[in-house]
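See below for the structure under consideration.
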Amino acid sequence: MSHCDRLADGGRRFFLMRGAVAAAGAAAVAGVASAPAEAAPSLARVTYPVTRLANLRDLKVNEPVQVAYPDADSPGVIVKLGTRVEGGAGPDGDVVAFSTLCPHKGFPLFYRTDDRSLNCPGHYSRFDCEKGGLQIWGQATANLAQFRLRVDRNGDIQAEGVDELIYGRLSNVLS
Amino acid sequence: MAYKRNIDRLPIPPRDARVQNVTCHFCIVGCGYKAYSWPVDRQGGNAAAQNAFNANLAEQQPAETANWYSPAMYNIVRQNGKDVHLVIKPDVECSVNAGLGSIRGARMAEMSYSRTTGTQAQRLTDPLVWRYGGMSPTSWDDAVALVAEVTRRVVEEQGEDGLIVSAFDHGGAGGGYENTWATGKLYFESMKVKNIRIHNRPAYNSEVHGSRDMGVGELNNCYEDAELADTIMVVGANPLETQTNYFLNHWVPNLRGTSLDKKRREMPNEPHAAGRIIIVDPRRTVTVAACETEAGKENVLHLAINSGTDLALFNALLTEVAARGWVDRPFIAASTSGYDAAAAANRTTIEEAARITGLSADDIRKAAAWIAEPKQGGARRRTMFAYEKGLIWGNDNYRTNQSLVNLALATGNVGRPGGGCVRLGGHQEGYSRPSDAHVGRPAAYVDQLLIGGRGGVHHIWACDHFKTTLNASEFKRAYKRRTDLVKAAMDGVPAGDRAAQVDAIMGAIRQGGLFSVDMDIVPTQIGTCAHVVLPAATAGEMNLTSMNGERRMRLTERYMDPPGQSLPDCLIVVKLAQALERSWRAAGKGDIADKFKGYDWISEEDAFNDGYRKHERGGEHVTYARLRAMGTNGFQEPATGYQEAGGQGGRGNLPAGSTAAPGVIVGTKRLYSDGRFGKPDGKATFASTQWRGFQAEGKQAEKDKFRFLVNNGRANHIWQSAYLDQQNDFVRDRFPLPYIEMNPADMAELRLTQGDLVEVFNDNGATQAMAWPTPSARRGETFMLFAYPTGVQGNVVSKGVNEFIIPNYKQTWGNIRKIADAPESVRHLTFKPQEYRQA
């Protein structure tokens, strides 16, 4: 077994186990790697509320609007970027929403219109709103939590999920 | 899209979770963490009485809360053979980091080995031997017997110079007192190996010989000094990214002015202001930007010197402070020697320095004033000097190091609050070994020996030269050629016929082959050439002691099992030593065999007691039990005594008026606070350090020939050579390739756009990177991520070294050309400027 094979196997396992979360499951993995995987922990998602954050007509390009999701204690921002981005919602594919609690230490992020980034005054972390909240530079061990959006026929923008753990809570939906 | 874990709920640590001390095993800062573990089928509840945080977790927790952990701080691991939940979370009680976690250390849990979650599946679990055209798992006894047999035969034929060793010599994941002692005992006591080198350089030497030879140890202050200094002068370092929480928790408060109360309290008889900072670095780093944010631009002096010209600057600063009468005459008289001679020898005018460094004369004068102009009322200005790889791996290491120490001594800034002249460090420290005097100085240039066909067997302890050496292109070619000879010989004989195997190996070695033995925790690039691989445990899988950049010693407790059959390095040494003893005895050499006695250790604590306890200054006061009780704060080395619980007397030399709390090891806050230095007469020695241009052979010619400076160093996301990060999805997604920062105008001339794959090349070799347009980069000056697995910067670094075989990575020049458009793996990335700007 060469090292290259080990690396490749390790990578495949990793993506299956963590990337695809529960759906992939242990069964899909067994036999791939030399060290058989054991039973995966349950990583079932929490159930998210569907919350109207704004209507398309409320949004102007590059003018962020403060929102909260999944509840009032979890601040965020919704912004129409003006250019289509991966993961963008709406007819132009350019509406995105993010948590504005820095995933490092929970300081409130601020939006820079000049490069469409969210920035942390606590420890200087920067997140790119045009790249799914990718950390440009910073201290957080995760990219920025993005709110999954759906746009209704009447232009209402509904949040219906979150793709990372929000700072300061061990369950995105508090109970 | 950016990598997301899609984890939206994590288990709650129960009230009775096990809590253990952890010191981050990555950088020298050594942040304190706590490991929480509990059985996998249980968890706590939201109510305060039901969780380990004693907090109502049904509510949103505020900024900087201690009652939360991120997904990267979580895993499921084995502990004493059973699955447990593991949370490794920054410790708010630790004075080093006060609850801060860096992007590296706060991923320790996620970067632990787990067969359940699949993390770090790359970890080595079994001894491996080259058999049947590949690496095959085998038993410890089988693997070490082969290593011992070949090692003995090589030593018999070539002497101990035929055994070449590459070894860690640090702390944290880079060694620890247990493991440095064990390897040191094997190679320096049982044997007298002199062809040995350290993980990031081609010889066995100090990176700061210059400072030590002046009687000034390089870790002489405490982290609090960064809060107390009037001015911090930092040279060739980027602490926001490389000593993150030291910078955030101790430098920033000074720059913000929030440490003013502490200054007034500890130094009441002088005026105080918020700190100022001088940053000597050719590159505008994120550290510069952060300092400007916190202190205001008027309190930050970024001296963007021509690469490699620091020495001329420091000599001019010494000349200027002397001419102004800003030197500390009483200190010089009482605690130093050779000042007048050195000041005369190093005399450099500001204009001359301006010409060499490219700085303005005014900025050099301003720096001198910030360093040494007396404060209102005549009080001495307190300046802390800090340096790291920009100096250490820069031009003329020895003299440049000494010229900075000259400046610190002349201004009375060693051994006093708010002062210090310190390296910032890379790994933690954890060095305890028998004397290395036989190695000599200059030490052997081991890489050149290996390239030149010397030696027959190579033992490698946690080093990956293929990523972390200079002249790496040539090194890899030679190493592969030599080790392939042995592989071919082994392939020609049945693996089970040990005698025939060893004969075949020895035959290949006589033809210029090299037998390679690799001890590591993960598969490495040099390990692809190895014939035997032995799996090691890392911190947390074993108890491990180290000290940080202010000599703060802590014990990381074993909180999980090592993977498979892997063992702590010190116990691998036991197996090797015992196998060597057997091999020599079987060969009828009982006298040599007897040298390998004394390894009857069962645990890492036995190695600690045999090494540190018996051999290090103050070691007699230090035990595992005492360290465990002292948590993540530990004590600062050297220990001077132990204050028994209850405050009843104690042993050792307790300082007068000691206010040590009960049951503590008494340490040393600053070195040289009594004004006595590490020379026989107690006086620090000034050094003559004349400027001599680019010292290493071939550097000036390389600069003249090639267009771009290929400056290099670390990135915030990544620890060291990415040996763990390369299997961490968060990092692998962000940096599938190393980046090279380039000025946008340079990119336009080369018809490059962001993310394009470029080749960096010169007469030493070639490597690859993805282009990152960086407006703050100067024209013709690039910065490339160092030691990255998918593009090794060392490939283009020349073999030129200083007189003590210190490499010169920083002064590298090359050309750049486009290889391909941005590959798919980088198209989702952002290439916006890294620098933070205020709203």
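The values are calculated or read from the model by the stated rules, or taken from the named source; none is laboratory data. The structure displayed is predicted, hence computed values, not measured ones. Please note: Cβ atoms are built from the backbone with ideal geometry, for glycine as well, and neighbour counts cover all protein chains shown. Just so you know, the surface numbers come from the protein's heavy atoms only, side chains and all, with ligands and any DNA or RNA stripped out. Shrake-Rupley method; radii C 1.70, N 1.55, O 1.52, S 1.80 Å.
Here are the numbers:
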read-out: Candidate set: the range A:125-142, residues that are touching a residue at least 40 places away in the same chain (Cβ under 8 Å) and open to solvent by less than 10 Å² (accessible area, probe 1.4 Å); chosen: the one nearest to the other protein chains (Cβ to nearest Cβ); value: A:132
read-out: In the range B:428-470, residue surrounded by the most Cβ atoms within 10 Å (Cβ to Cβ) [restricted to those that are outside any loop (DSSP other than H, G, I, E, B) and of a type in the set (Phe, Trp, Tyr)]; value: B:461
read-out: Selection within the range B:193-219 - under 19 Å from residue B:675 (Cα atoms) and either out of contact with any strand residue (DSSP E or B) (no Cβ under 6 Å at 6 or more places or on another chain) or open to solvent by 10 Å² or more (accessible area, probe 1.4 Å) (or both); value: B:211, B:212, B:213, B:217, B:218, B:219
read-out: Residue match in the range B:112-124 (condition: open to solvent by less than 10 Å² (accessible area, probe 1.4 Å), outside any loop (DSSP other than H, G, I, E, B) and not aromatic (Phe, Trp, Tyr)); value: no
read-out: Any pair with Cβ under 7 angstrom, 6 or more apart, that starts in the range A:112-124 at a residue that is under 15 Å from residue B:287 (Cα atoms) and within 7 Å of chain B (Cβ to nearest Cβ) and ends at one that is open to solvent by 10 Å² or more (accessible area, probe 1.4 Å) and in a loop (DSSP other than H, G, I, E, B); value: A:123/A:104; A:123/A:105; A:124/B:836
read-out: Among (1) of a type in the set (S, T, N, Q); (2) within 7 Å of another protein chain (Cβ to nearest Cβ); (3) surrounded by 24 or more Cβ atoms within 10 Å (Cβ to Cβ) - the single one residue B:23 does not satisfy; value: (2)
read-out: Matching residues, the range B:115-127, being facing chain A (nearest Cβ under 8 Å) and hydrophobic (A, V, I, L, M, F, W, C); value: B:121
read-out: Odd one out for residue B:746, checked against (1) under 19 Å from residue B:794 (Cβ atoms); (2) of a type in the set (D, E, K, R); (3) touching a Lys or Arg at 6+ places or on another chain (Cβ under 7 Å); value: (1)
read-out: Selection within the range B:593-640 - crowded, with 20+ Cβ neighbours inside 10 Å, of a type in the set (Gly, Ala, Ser) and touching a helix residue (DSSP H, G or I) at 6+ places or on another chain (Cβ under 7 Å); value: B:607, B:611, B:634, B:639
read-out: Check on residue B:832, within 13 Å of chain A (Cβ to nearest Cβ), under 24 Å from residue B:716 (Cα atoms) and of a type in the set (Lys, Arg); value: yes
read-out: Tally, over the range B:66-93, of residues that are within 10 Å of chain A (Cβ to nearest Cβ), open to solvent by 20 Å² or more (accessible area, probe 1.4 Å) and in a loop (DSSP other than H, G, I, E, B); value: 1
read-out: Neighbours by Cβ (under 6 Å, 6+ apart or cross-chain): first from the range B:102-114, closer than 7 Å to residue B:72 by Cα and more than 9 Å from chain A (Cβ to nearest Cβ); second at pLDDT 95 or above and open to solvent by less than 10 Å² (accessible area, probe 1.4 Å); value: B:109/B:75; B:109/B:86; B:109/B:88
read-out: Any hit, the range B:794-812, residues being at pLDDT 95 or above, more than 24 Å from residue B:700 (Cβ to Cβ) and not in a helix (DSSP H, G or I); value: no
read-out: Criterion violated by residue A:152 - all others in (1) at the interface with chain B (Cβ under 7 Å from one of its Cβ atoms); (2) farther than 26 Å from residue B:249 by Cα; (3) open to solvent by 10 Å² or more (accessible area, probe 1.4 Å); (4) of a type in the set (D, E, K, R) satisfied; value: (1)
read-out: Every residue from the range A:155-175 that is assigned to a loop (DSSP other than H, G, I, E, B), within 7 Å of chain B (Cβ to nearest Cβ) and small (Gly, Ala, Ser); value: A:168, A:175
read-out: Unique match (being assigned to a loop (DSSP other than H, G, I, E, B), open to solvent by less than 40 Å² (accessible area, probe 1.4 Å) and of a type in the set (Ser, Thr, Tyr)) among B:782, B:767, B:830, B:753; value: B:830
read-out: Residue within the range A:71-89 that is under 23 Å from residue A:46 (Cα atoms), within 8 Å of another protein chain (Cβ to nearest Cβ), open to solvent by less than 10 Å² (accessible area, probe 1.4 Å) and under 16 Å from the mean Cα position of the chain (by Cα) present; value: yes
read-out: Residues satisfying the stated conditions in the range B:249-293, i.e. over 16 Å from residue B:224 (Cα atoms) and within 14 Å of chain A (Cβ to nearest Cβ); value: B:284, B:285, B:286, B:287, B:288, B:289, B:290, B:291, B:292, B:293
read-out: Residues (more than 20 Å from residue B:429 (Cβ to Cβ) and small (Gly, Ala, Ser)) located in the range B:538-570; value: B:564, B:566
read-out: Some residue of the range B:353-376 being under 23 Å from residue B:416 (Cα atoms), within 28 Å of the chain's Cα centre (by Cα), surrounded by 15 or more Cβ atoms within 10 Å (Cβ to Cβ) and of a type outside the set (Val, Ile, Thr); value: no
read-out: In the range B:801-827, residue nearest to the other protein chains (Cβ to nearest Cβ) [restricted to those that are open to solvent by less than 40 Å² (accessible area, probe 1.4 Å) and closer than 25 Å to residue A:88 by Cα]; value: B:826
read-out: Residue match in the range B:43-59 (condition: under 26 Å from residue B:538 (Cβ atoms) and touching an Asp or Glu at 6+ places or on another chain (Cβ under 7 Å)); value: no
read-out: Matching residues in the range B:54-98 - criterion: being over 33 Å from the mean Cα position of the chain (by Cα) and hydrophobic (A, V, I, L, M, F, W, C); value: B:55, B:57, B:58
read-out: Criterion (open to solvent by 10 Å² or more (accessible area, probe 1.4 Å), more than 10 Å from every other protein chain (Cβ to nearest Cβ) and modelled with pLDDT of 95 or more) met by exactly one of B:35, B:49; value: B:49
read-out: Subset of the range B:785-800 [hydroxyl-bearing (Ser, Thr, Tyr) and either without any contact (Cβ under 8 Å) to a residue 12 or more places away in the chain or open to solvent by less than 50 Å² (accessible area, probe 1.4 Å) (or both)]; value: B:788, B:798
read-out: Flag if residue B:270 is over 24 Å from residue B:634 (Cα atoms), open to solvent by 10 Å² or more (accessible area, probe 1.4 Å), part of a helix (DSSP H, G or I) and not β-branched (Val, Ile, Thr); value: no
read-out: Some residue of the range B:550-564 being among the β-branched types (Val, Ile, Thr) and in contact (Cβ under 8 Å) with a residue 60 or more places away in the chain; value: yes
